[in-house]
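**Q** I'd like to ask some things about the structure below.
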Amino acid sequence: MKRCLEGRRLARRAGLLVAIAAMSIAWIRPGRAEDLAAKIPASSDVVLITGDLLKLEADVRAFAQAIDTPFPPKPTLQNLAASLPFSQTWDPSAGIALVVNEFPESIDGPPTRFPRQLVLLVGVTDAEKAIASFGGNKEGNFTKASLMGKPVTILPHGKTLVIAENSEALAPFEKLDKPIADRWTNEEKQLEAKSGLFVWVDVKASRPLVDSLLGQAKEGIKGQFRPGNPAFEAAGGNAEMLGTILRWYVSGAQSLVGQTDSLSVGLSVSAERVAKNVAFNFSEGSYLAKEFADIPAARKDLLAGLPVTNFYIVQAIDMAPLRGLSEKMAKSLFELPGIADGVSEEEKAASIKQTEAIFEQIESFNLTSSFDGAGLSMMGSYSVKDSSELIGQMKSVLKAMEPMLGSMMMGAKLVNLPDEEVDGMTVTRFGYDLKDASPMMKQTFDKIYGPSVEMDFAPVSPTKVAFVFAGKPDMLKEVKSPTSELLGEERIKRIVADLPENSYATFLVGPFGYIQLIKRSMPDVPNTPLKNFTAPKELPSPIGMAMTAENGGMQFHGVVRADTVRIIVESARSAFMPKP
């Protein structure tokens, strides 16, 4: 109860500044954000900067019109700002910034500490008139006043008002040694310059807080996924193993934070699309910084050869920057307690060695995951150094990993099936024996994958291996020689053109494919609106995501096109609000 009350007090205090900044947390174009960045001290832990707010309405209106969605009548910004004392001198074209001076070390500290570290920067046409409109008392360079019923301290900085709860939070702004931009990498500066909304976080400074939160998450998982958990035992699941894997993911997040100096996010919008970019700046000398430095140029053919499907996701990955990391993750997964019970140390070492050999073989891979009436299936191909050698390595690894996979798959055993000849290809086949599988796993296979759960591989050239999962061997013919290629569709061309050319990984998310998957896996409840959610005759562009890497850092890019959102909205209206 005490923590709850403290949390409410903290929220009320933080709301004083966040309420004003909330007007700008939207998709906007670049404006005069560089002016604000020059007035923010380099010691800041978190910086949020927007561009020209006057362009906000134009951009959001244009996007809203493109997706056929109503937008509030004009003038929205002026209406929002009317209650502010400095509304007559506010310059929305100058943008707005919200700064966190210092991260708390944990969420257990005094509730007053964090909001006192919040600072708001607002552009005005005349700082003296703006401050006079508050009717406060001047104390040196500061003015003590009230805003929305709460006490604030104001510091003028050219044509900018710097506002905080007290003068202590404004001290770094009063004596500015160097601006925050001096700490930004070239990639972060470029991202800030092209973004309408830019957020920069000093991850190194956040580590005590993040470690505390992630540590609490691991303890929570350990308590929830304990041996004998009745919810899992009833379904025949292994709660302890699932908890072990979840804690492994949390440990991975801790490792990422421990190797990252800063994180930045850039957002922008136009009438055609909304885009988000996220950049990780890894610590000099860290494992990740070394892995993402001096890597070969990205391949240009990652999506080539994939057949047309109503996919829910397409993945295409160049292994060059990810090979070492993938090997490291696989090795750490094999060594988790409970994962390889019953497997000797020699067998485990052999499996790890063979897995590393497979990663060394694979240059890149792509796959499309789709859903038809029978169930979920995946198909794609590996670009490899030697296709025959890869098939042999996969057989050895899967054979050695049978006990380990059986443990991880809750009793579902991977078995080698007889080879089959398909269209001149020798198909290596694997299937699942569900006789000893848990009820939960049997239900998952039946509900999601349908009657056929095979994993098939076939060399289609000396350097290419086609594969199918949860489909039929005949599907390999479509991978070998597609009737029509995904890259030939206009909707795919549009979204690919919106993503960086130098991507090491590309992901395309098909919204209507995902809806089919959800409908398949959800309980069979009558009159559920989602049951009426159907795909249009012409599918829209998918949501696009990509990963790039340069100078020891990693960047993620996401784009959703307006035509995609419009068609989703139209389908949702038909499903949830059918005409009488």
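The values are calculated or read from the model by the stated rules, or taken from the named source; none is laboratory data. Quick caveat, the model's predicted, so the values are computed rather than measured. Backbone-built Cβ (ideal geometry, glycine too); neighbour counts: all protein chains shown. Ligands, DNA and RNA are excluded from the accessible area calculation, which covers all protein heavy atoms including side chains. Shrake-Rupley method; radii C 1.70, N 1.55, O 1.52, S 1.80 Å.
**Q** Taking the alpha-carbon centroid of each part, what is the distance from the range 423-462 to the range 278-348 in angstrom?
**A** Computed from Cα coordinates, the inter-centre distance equals 23 Å.
**Q** Let me ask you something else. If you take the beta carbon distance between Ser93 and Lys531 as r and set R0 to 51 Å, what does 1/(1 + (r/R0)^6) give as a FRET efficiency, to the nearest 0.05?
**A** 0.60
**Q** With a Förster radius of 30 Å, plug the Cβ-Cβ distance of Asp563 and Ser481 into 1/(1 + (r/R0)^6) and report the FRET value to the nearest 0.05. Each step should come with its number before you reach the end.
**A** Working: r = 31 Å, r/R0 = 1.03.
For Asp563 and Ser481, the calculated efficiency is 0.45.
**Q** Show me the ranking of peptides 417-430, 353-366 by mean Cβ neighbours inside 10 Å, starting with the highest.
**A** Numbers: 417-430: 15.2, 353-366: 17.6.
Final packing ranking: 353-366, 417-430.
**Q** Percent relative contact order of the range 238-387, based on C-alpha pairs within less than 8 angstrom and at least six residues apart?
**A** Relative contact order for the range 238-387 comes out at 21 percent.
**Q** Follow-up question, since we're still on this one. With r as the distance between the Cβ atoms of Leu176 and Lys519 and R0 = 56 Å, compute the FRET efficiency 1/(1 + (r/R0)^6) and round to 0.05.
**A** E between Lys519 and Leu176, to the nearest 0.05, is 0.50.
**Q** Using a 1.4 Å probe over the heavy atoms of the protein chains, calculate the carbon and sulfur portion of the accessible area of the range 284-576 as a whole percent. Each step should come with its number before you reach the end.
**A** Numbers: 7410 of 13500 Å².
The value for the range 284-576 is 55 percent carbon and sulfur by accessible area.
**Q** Which pairs in the list Lys435/Lys472; Lys178/Lys276; Lys447/Lys531 are over 24 Å apart, alpha-carbon to alpha-carbon?
**A** Result: Lys178/Lys276 exceed 24 Å.
**Q** With each pseudo-label sitting 7 Å past Cα toward Cβ, what's the Met148-Ile448 distance in nm, one decimal?
**A** Calculated label separation equals 4.3 nm.
**Q** Something else: Simple spin-label model, 7 Å along Cα-to-Cβ: Ala304 to Thr185 in nm?
**A** The answer from the label model is 3.0 nm.
**Q** Where only protein heavy atoms count, and the probe is 1.4 Å, what is the accessible area per residue for the range 453-574 in Å²? Can you show the working numbers first?
**A** Values: 5600 Å² over 122 residues.
Averaged over the residues of the range 453-574, the accessible area is 46 Å².
**Q** Filter the cross-link list Lys55/Lys189; Lys348/Lys395; Lys328/Lys493 down to pairs whose alpha-carbon distance in this structure exceeds 24 Å.
**A** Pairs exceeding the cut-off: Lys328/Lys493.
**Q** Let me ask something else about it. Please report Rg over Rh for the range 284-576, where both radii come from the alpha carbon positions and Rh follows the Kirkwood definition. Write down the numbers at each step before the final one.
**A** Numbers: Rg = 20.2 Å, Rh = 20.8 Å.
Checking Rg against Rh, the ratio lands at 0.97.
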